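These notes concern the structure reproduced below.
Values in this text are rule-based calculations from the coordinates and carry no lab data. Not measured: the values here are computed from a predicted model. Note that we place each Cβ from the backbone using ideal geometry, even for glycine, and neighbour counts take in every protein chain shown.
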């Protein structure tokens, strides 16, 4: 299963993850 | 050879113009070969087709939806109590589950399906103090910006954002369903009539509607968990976190706001992962679109081989707004987990019926405007549990 997020954000929005990184619920994804 | 390599003098001379021209032609030819073929219908909308190596086409010929349902049935069979701890421990060992986090005693999970949809103990998933957090346990497959309305599945392979979230004009079998507690007869025609494809939907999603009646408000409160006071407090918290006024002005532009961009992020949940998903931010879900599709595996192996994987599979597109404008979250099913549950949508039924009854690209839509009279949708706090994936 997969979850896809699509969203609008300011151009200075930055992801705080890397491709292939393991994440858990509540961990930072972007800011 | 050694002597020839060392002793032969290097002589440089200009290439003839004809060779240069041939080189340019070859480069152009290669560029054309690299271009993707896109099939479009009479109205110019992309028609999503099964594309990939022969292995993908073999899988496409299998009755994956039936396989998924049989898998779900087998895993819903009740296990004898004495066999549960050992059975789940073996499963956990194979798929890397952390049994220290599970909420209940292993003996209390009646079946593998029950264990698969397990809850975790409170406090096992601390929530970071950033605007966007992970909605699920899993692996980040890919993320980035959306350019030209296309989302990158893997490097060099894209799929259409319109196909992912829904184009109304493509299919005629689109059916509108009201939120569980809302009376169908009270539907405002104008409310639905002006939805016309994803671009217009963005406009619609960011605006507000002033057609709720008091009876709908009562129904919405009943549909929420907890007392009316709790519901109002919850809505106020979401409004506060979103930094938005309770009533937003209708947005007139079809494009994203100046200074903004569209982003995407794909998270893959492996079989051993906790399979409930949570809200990644404070936002308001205004509608859901259920696409009945295929149920291919969505493993990274498959994602690299099958183009349009995420727009071929069964999925539930939850569309709404957050602090910065449009926000969408799309749980995508797979062969082993064809059933998608949304806690606040009791009408949603996934992995039922025949795929033939639902042409690719069409969807069933429900609006959540009755869920909150203040925010005109289903408000969600950051990390609030939203639903999950079930076996089969």
* Can you grab the distance from the C-alpha centre of region B:273-326 to the C-alpha centre of region B:373-392, Å, no decimals? => 13 Å
* Structure fact -> Shielding of B:323-334 by other chains, given as the mean Cβ count within 10 Å, works out to 4
* Using a Förster distance of 60 Å, the FRET efficiency for residue B:230-residue B:304 (Cβ separation, nearest 0.05) -> 0.85
* Asked: Quick one: length gained pulling residue B:101 to residue B:128 fully straight, 0.36 nm per residue minus the C-alpha distance?
  -> 7.8 nm
* Structure fact -> Assertion target for B:365, B:103, ordered by fewest C-beta neighbours within 10 angstrom first, is B:103, B:365
* Can you work out the FRET efficiency for the pair residue B:108 and residue B:66, with r the C-beta to C-beta distance and R0 = 35 Å, to the nearest 0.05? -> 0.70
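Summarise the partner chain shielding of B:124-137 as one whole number: the mean count of Cβ atoms from other chains within 10 Å of each residue's Cβ.
6
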* Exercise: per-residue mean of other protein chain Cβ atoms within 10 Å, B:91-102 -> 0
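Taking each pair of different alpha-carbon atoms in region B:296-371 once, compute 1/r for the pair, average those values, and report the inverse of that mean as the Kirkwood hydrodynamic radius in Å to one decimal.
Computed over Cα pairs of region B:296-371, the Kirkwood hydrodynamic radius comes out at 14.2 Å.
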* Structure fact -> Of region B:271-299, those with amide N under 20 Å from the point 7 Å along the Cα→Cβ vector of residue B:58 are B:295-299
* Taking the highest mean first, how do the peptides B:142-148, B:298-304 order by number of other beta carbon atoms within 10 angstrom per residue? -> B:298-304, B:142-148
